[in-house]
């Protein structure tokens, strides 16, 4: 085995592990809130900002592209936080879906006026995790560390509004303010991750570990442990398989996530029977009382 290949892949492996760590945690909130496609919507809103910047003459590799994307993402975060739809009994997922559709159409319209740079912009949005370099990995890790610390400090508040928003509002919690902080920090992570890894891979990092963890655990702590473990193992395995089979790294990791999830779902009944056979194993209940 040529170890120079692993040296070449080291930044991509480090980036995938960093992305897996923050997204496994955020995925718990997304699943609890029932807004599964919020990252796709925010990513598309971010791409609209990038498309407008390119249309206005900025180079696709200019830092202004990122800041324009982030600005549009924060606008999307504000919209999702303010327009929750409870008063009209409109599911927030419907609002997120409408935002995604409108942003996607707006990107198409904008790129039709900037055809010369459309290919460069598309490459940026799809992402290429193999092209990431150590300075970008270190910067991304620093940003995610700050966001992780922010969520850790206010973890009880964020979990409170994610698990039962109406109950939190009844207790006088300013839900929209905390929702905006959540979506703003979430949007910052998504904008950064999508530029590195692409939309599909980021979506898998966000949702698949959380869904897999729900198969085996009810408590937040256990779900986090399972999600982080799965994200780490699948990231390393996906990069290894892409190397051995000469396949695109991002797509290989996505398919590996899907395969591992299928295996975990298939062996779940066996795991449940083993747990049920142990009378000393107490039932773990969620905040809603489900065993």
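FYI, it's all coordinate maths here, none of it is from the lab. Please read these numbers as outputs of a predicted model, since none were measured by experiment. Glycine also receives a Cβ, built like all others from the backbone with ideal geometry; neighbour counts cover every protein chain displayed.
Once the Cβ-Cβ distance between residue 259 and residue 218 is put in as r, and R0 is 30 Å, what FRET efficiency do you end up with, to the nearest 0.05? Please report the intermediate quantities before stating the final value.
On the way: r = 25 Å, r/R0 = 0.83.
Efficiency, rounded to the nearest 0.05: 0.75.
Can you put 61, 23, 29 in order, fewest other beta carbons within 10 Å first?
Details: 61 9, 23 30, 29 21.
Sorted ascending by nearby Cβ count, the order is 61, 29, 23.
May I ask you to sort 113, 156 by Cβ crowding, counting other Cβ atoms within 10 Å and putting the fewest first? Intermediate results must be reported in sequence, preceding the final value.
Values: 113 11, 156 7.
Starting with the residue having the fewest Cβ neighbours, the order is 156, 113.
Show that you can apply the helix-only estimate: for the chain, add -39,500 (n - 2.57) for every DSSP H stretch of four or more residues, divide by all residues, and state [θ] at 222 nm to the nearest 500. If you can, show how the numbers build up before the last one.
Numbers: 12 runs with 228 residues, N = 291.
Calculated at 222 nm, the ellipticity per residue is -27000 deg cm²/dmol.
For residue 138 and residue 247, what is the calculated FRET efficiency with R₀ set at 25 Å and r taken between the beta-carbons, to the nearest 0.05? Don't jump to the answer; show the numbers that get you there.
Working: r = 27 Å, r/R0 = 1.10.
The value I calculate is 0.35.
Given the convex hull of the Cα atoms of the stretch 173-273, what is a quarter of its surface area in nm²? Each step should come with its number before you reach the end.
Details: hull surface 31.9 nm².
The directionally averaged projection comes out at 8.0 nm².
Of all alpha-carbon pairs in the stretch 159-220, indicate the percentage at a distance above 19 angstrom.
Working: 963 of 1891 pairs.
Cα-Cα pairs in the stretch 159-220 separated by more than 19 Å: 51 percent.
Can you bin the stretch 136-195 into rounded, prolate or oblate? Criterion: square roots of the alpha carbon gyration tensor eigenvalues sorted a ≥ b ≥ c, rounded for a/c under 1.5, prolate for a/b above b/c, oblate for the rest.
Values: a/c = 3.61, a/b = 2.36, b/c = 1.53.
Prolate, because a/c is 1.5 or more and a/b exceeds b/c.
Please label the shape of the stretch 1-88 as rounded, prolate or oblate, based on the square roots a ≥ b ≥ c of the eigenvalues of the alpha-carbon gyration tensor (a/c under 1.5 means rounded; beyond that, a/b larger than b/c means prolate, else oblate).
Because a/c hits 1.5 or more and a/b fails to exceed b/c, the stretch 1-88 counts as oblate.
Modelling each spin label as a point 7 Å along the Cα-to-Cβ direction, I'd like the residue 67/residue 112 distance in nm, to one decimal.
Inter-label distance under the simple model: 3.1 nm.
Hey, could you get me the Stokes-Einstein D for the chain, Kirkwood radius over alpha-carbon pairs, 4 °C and 1.567 mPa s, rounded to whole µm² s⁻¹? Could the numbers behind the result be given before it?
Working: Rh = 20.2 Å.
Rounded, D is 64 µm²/s.
So, in Å, what gap is there between the alpha-carbon centers of the stretch 170-237 and the stretch 1-45?
About 9 Å separates the Cα centre of the stretch 170-237 from the one of the stretch 1-45.
Return the FRET efficiency for the residue pair residue 236, residue 169: r is the Cβ-Cβ distance, R0 is 35 Å, and the value is rounded to the nearest 0.05.
On the way: r = 42 Å, r/R0 = 1.20.
My answer for the efficiency is 0.25.
According to a simple spin-label model (label point 7 Å from Cα along Cα-to-Cβ), what is the distance in nm between residue 4 and residue 273?
Here the answer is 5.2 nm between the modelled labels.
Order by neighbour count: 264, 230, fewest other Cβ atoms within 10 Å first, most last. Working shown, then result.
Numbers: 264 18, 230 22.
Ascending number of Cβ neighbours within 10 Å: 264, 230.
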